[in-house]
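Q: Here it is: the structure, laid out below.
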Amino acid sequence: MCSCSWIPLYRATQRVAFKLRAPLRLSLCLKLYGSLALVSEELSRLAVGSLLAHMAHPVLRIRQTAADHLFSALCIHGVVDVGDDGDEIGRLVSETEWAQESAGVKDARAQLTALVRPRLAQDRN
C-alpha cells in the first residue's frame, strides 16, 4: 500500500492536534499517530516525531498517552530502528511516571528526545 495516500490524513491530524484544547480529542489524535506509524517508514518518522513533541504537553494525561503510543511504536512494533539504544529508550518510556510534574520527567524527556531524534533524521537518509 502506498503511503502517499496517508500523508494528507497525517497532515490534517497534525493541524487539528495543535489547535485542540480538549484532552480527550487530543488523545484520539495521538492514537491516530500511533496507528499511522505502522503504515510506512515515512509515516513512522513523522508520527514518532509528533508523539515526541507531545511528550512536553502541559496536560499530564496527554503526556502519558503520548508515552504509551510512543512505547508501542518504538518498542513493540519497532517502526524506527533505534539500534543499541532500544533498551534505554524502552526503559525511559516505560519506567518514567509521565503523569507527574517533576524534574525526573523533564530529564527523561530530554534523554528520550536526544536518543530518538537522531534516529529519525538518520532514517531519512
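Q: Would you mention how many residues in the stretch 50-103 are farther than 15 Å from R119 by Cα, at pLDDT 90 or above and charged (D, E, K, R)?
A: Result for the stretch 50-103: 6.
Q: Something else now. Among the residues of the stretch 46-81 satisfying the criterion of being β-branched (V, I, T) and farther than 15 Å from V105 by Cα, which is nearest to the chain's Cα centre (by Cα)?
A: Result: V48.
Q: Considering only the stretch 1-54, state which residues are β-branched (V, I, T) and more than 16 Å from H69 (Cα to Cα).
A: Residues of the stretch 1-54 that are β-branched (V, I, T), as a first pass: 7, 13, 16, 39, 48.
Passing the criteria: I7, V16.
Listed here are the residues, each with its yes/no results for (1) among the hydrophobic types (A, V, I, L, M, F, W, C); (2) crowded, with 17+ Cβ neighbours inside 10 Å.
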{"site": "G34", "(1), (2)": "no, yes"}
{"site": "H54", "(1), (2)": "no, yes"}
{"site": "P58", "(1), (2)": "no, no"}
{"site": "D68", "(1), (2)": "no, yes"}
{"site": "I76", "(1), (2)": "yes, no"}
{"site": "V82", "(1), (2)": "yes, yes"}
{"site": "T96", "(1), (2)": "no, yes"}
{"site": "V116", "(1), (2)": "yes, yes"}
{"site": "Q122", "(1), (2)": "no, no"}
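Q: Here is a check on your reading of the model: is L43 under 9 Å from the mean Cα position of the chain (by Cα) and either under 15 Å from A108 (Cα atoms) or in a helix (DSSP H, G or I) (or both)?
A: no
Q: Which of the residues belonging to the stretch 105-125 are at pLDDT below 90 and not basic (K, R)?
A: Within the stretch 105-125, P118, L120, A121, Q122, D123, N125 qualify.
Q: Looking at E101, is it over 11 Å from the mean Cα position of the chain (by Cα) and outside any helix (DSSP H, G or I)? I'd like the intermediate steps shown before the answer.
A: On the way: over 11 Å from the mean Cα position of the chain (by Cα): yes; outside any helix (DSSP H, G or I): yes.
Answer is yes for this residue.
The values are calculated or read from the model by the stated rules, or taken from the named source; none is laboratory data. Quick caveat, the model's predicted, so the values are computed rather than measured. FYI the Cβ positions are ideal-geometry reconstructions off the backbone, even for glycines, and counts take in every protein chain you see.
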